[in-house]
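Novice: Sending over a structure as structure tokens; questions will come in a sec.
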Amino acid sequence: MKAEIAIVGAGYVGVPLAQVFADAGRSVVLVDVQADRIAQLNRGESYIEDVSSEELKRHVDDGRISATTDYDLLREVDAILIALPTPLSEQREPDLSIVLSATAEIALRLQKGQLVVLESTTYPGTTRERVKPLLEESGLTAGRDFHLAFSPERVDPGREDWTTQNTPKVVGGLTDGCTKRAIELYGSAVEEIVPVSSPEAAELTKLLENIFRSVNIALVNELAQLCDRMNLDVWEIVDAAATKPFGFMRFEPGPGLGGHCLPVDPFYLSWKARQYDFYTEFIELAGKVNANMPYFCRSLISQALNHGAQRSLNGSKVLVLGVSYKADTADSRESPALKLIELLRNAGADVAYHDPHVPELASRGLSSQPLDPGAYDCVAIVTAHSTIDYEKLVDDARLVVDFRNATGRNGRADEKVWKL
């Protein structure tokens, strides 16, 4: 079966998107440089939690989904969607190298009449100022010879109520014709399309969504640090405030931000804003508060060991419970647990971790250990997976530092439990 749609990037955005199009009867080819991923996909084996192997294999067997490392297949499709990572450089500036490299490959094969859509989170102006000129090196003109648009991914890994299929899809084209073409494409598979006036409007929409969360999480993280000094329980306060039926939205403190978007997106906007002699001080301050949380959490573990076990952090055995950035998922990208493990090791602690969803942390040279709380001087709850029996954990552990309120109200009365 000839593919109608190509998705460049077979990751947590591309694979669910391919499934949604296949569910709607469209044929999709996933393009990725990782040959092992391609082989796995073509066997119908999913490595993405939001797409089951059963669903994937059904589409692979009926020819609706295929995968390849060969960019030449892009010549034959009607639409090319770019769903690739947009990380930060070591200087905390936007790194578009992965997207731009793929765009250059697309330009070599671009055909008249094709639609190209960037889905990767980025700063306003990327589609027009960076992607468009590269594509036009093909000799074709955007908006006349081919269509170009931006439509940000809105994936929330592990979520079942809002999926790629039923989450409204924002679309902004380079021209009205580009927007119309993108609406036609996504409208064939996604329930609701939200057109906006330009790619820049769509790009900034995605940043606003995530910066909104970042700023509000920073607020409760700062409040948690203040409550620590005032000897107040931040969780009690958040619970009480959340009873107000209007004018308040619940956000919870934690050991820091994780995932691809929340820790990264504010820096993309701040960098772009400086080109306009504008400084996003409020957003940058939120980023500083959130980035400081792993340091605060290391300090809290040290205090708990000093006062609760009469031990120094140096030489203590610490079990980090949960290393994915989000509960009940295997996604450890930008997880605050990674930074906390680094900080604990630097302080001389003997650190291990347990996570039923993440068997290995190659970046830290660690693998998940059996859950044996009593074998450690301290257990730090960093990610609150629902499969853990926290009541038994408290019973078995010598000391627990709970950054997620996983031990609940019962934990407040236990002298072994220290809470954020």
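The values are calculated or read from the model by the stated rules, or taken from the named source; none is laboratory data. Being a predicted model, the structure only gives us computed values, none of them experimental. Every residue, glycine as well, gets a Cβ built from its backbone with ideal geometry; the counts of neighbours run over all protein chains shown. Surface accessibility is based on the protein's heavy atoms, side chains included, excluding ligands, DNA and RNA. Shrake-Rupley method; radii C 1.70, N 1.55, O 1.52, S 1.80 Å.
Novice: Looking only at region 50-66, filter to residues that are of a type in the set (G, A, S) and closer than 20 Å to P157 by Cβ; which one of those is surrounded by the most Cβ atoms within 10 Å (Cβ to Cβ)?
Specialist: Here the answer is S53.
Novice: Does region 249-288 hold any residues that are touching a helix residue (DSSP H, G or I) at 6+ places or on another chain (Cβ under 6 Å), of a type in the set (A, V, I, L, M), outside any loop (DSSP other than H, G, I, E, B) and open to solvent by 20 Å² or more (accessible area, probe 1.4 Å), and which are they?
Specialist: If the condition is that a residue be touching a helix residue (DSSP H, G or I) at 6+ places or on another chain (Cβ under 6 Å), of a type in the set (A, V, I, L, M), outside any loop (DSSP other than H, G, I, E, B) and open to solvent by 20 Å² or more (accessible area, probe 1.4 Å), then L269, I283 are the ones that fit.
Novice: Sticking with this structure for a sec: Of all the residues that make up region 381-393, how many are hydrophobic (A, V, I, L, M, F, W, C) and over 19 Å from C297 (Cα atoms)?
Specialist: Number satisfying all stated conditions: 2.
Novice: Would you mind finding the one in G308, G315 that is more than 24 Å from D414 (Cβ to Cβ) and either open to solvent by less than 10 Å² (accessible area, probe 1.4 Å) or of a type outside the set (F, W, Y) (or both)?
Specialist: Matching residue, one of G308, G315: G315.
Novice: Right, another one. Which condition number in (1) open to solvent by less than 10 Å² (accessible area, probe 1.4 Å); (2) in a helix (DSSP H, G or I); (3) farther than 19 Å from P85 by Cα; (4) touching a residue at least 12 places away in the same chain (Cβ under 8 Å) is the one that I217 fails?
Specialist: Failed condition: (1).
Novice: Here is a follow-up. Out of (1) buried (at least 18 other Cβ atoms within 10 Å of the Cβ); (2) in contact with a strand residue (DSSP E or B) (Cβ under 6 Å, 6 or more places away or on another chain), the odd one out for S46 is which?
Specialist: Failing condition for S46: (2).
Novice: For region 111-124, give me each residue that is part of a loop (DSSP other than H, G, I, E, B) and crowded, with 22+ Cβ neighbours inside 10 Å.
Specialist: Q114, E119, S120, T121, T122, Y123, P124
Novice: Checking the conditions here, which among T205, T167, T163, T127 is in a loop (DSSP other than H, G, I, E, B), in contact with a Pro (Cβ under 9 Å, 6 or more places away or on another chain) and among the hydroxyl-bearing types (S, T, Y)?
Specialist: T163
Novice: List the number of the failed condition for D72; all other conditions in (1) in a loop (DSSP other than H, G, I, E, B); (2) touching a Lys or Arg at 6+ places or on another chain (Cβ under 8 Å); (3) among the acidic types (D, E) hold.
Specialist: (1)
Novice: Looking only at region 220-248, how many residues end up being assigned to a helix (DSSP H, G or I), out of contact with any helix residue (DSSP H, G or I) (no Cβ under 8 Å at 6 or more places or on another chain) and aliphatic (A, V, I, L, M)?
Specialist: Counting residues in region 220-248 that are assigned to a helix (DSSP H, G or I), out of contact with any helix residue (DSSP H, G or I) (no Cβ under 8 Å at 6 or more places or on another chain) and aliphatic (A, V, I, L, M) gives 4.
Novice: Next question, about the same structure. I need the full set of residues from region 42-62 which are among the polar types (S, T, N, Q) and assigned to a helix (DSSP H, G or I), in order please.
Specialist: N42, S53
Novice: Any idea how many residues of region 12-41 are part of a loop (DSSP other than H, G, I, E, B), buried (at least 18 other Cβ atoms within 10 Å of the Cβ) and of a type in the set (S, T, N, Q)?
Specialist: The qualifying residues number 1.
Novice: Also: If the requirement is being within 27 Å of R144 (Cα to Cα), acidic (D, E) and touching a strand residue (DSSP E or B) at 6+ places or on another chain (Cβ under 8 Å), which of these qualifies: D32, D72, D95, D78?
Specialist: Checking each option against the conditions leaves just D78.
Novice: While we're looking at this one, here's another question. Scan region 142-160 for residues that are acidic (D, E), within 16 Å of L17 (Cα to Cα) and surrounded by fewer than 20 Cβ atoms within 10 Å (Cβ to Cβ) and jot them down.
Specialist: The answer is D156, E160.
Novice: Return the residues of region 286-300 that are under 14 Å from K419 (Cα atoms) and in contact with a Phe, Trp or Tyr (Cβ under 8 Å, 6 or more places away or on another chain); say none if nothing qualifies.
Specialist: C297, L300
Novice: Ok, one more. For region 359-405, name all the residues that are surrounded by 15 or more Cβ atoms within 10 Å (Cβ to Cβ), within 21 Å of the chain's Cα centre (by Cα) and assigned to a helix (DSSP H, G or I).
Specialist: Answer for region 359-405, where residues must be surrounded by 15 or more Cβ atoms within 10 Å (Cβ to Cβ), within 21 Å of the chain's Cα centre (by Cα) and assigned to a helix (DSSP H, G or I): just R364.
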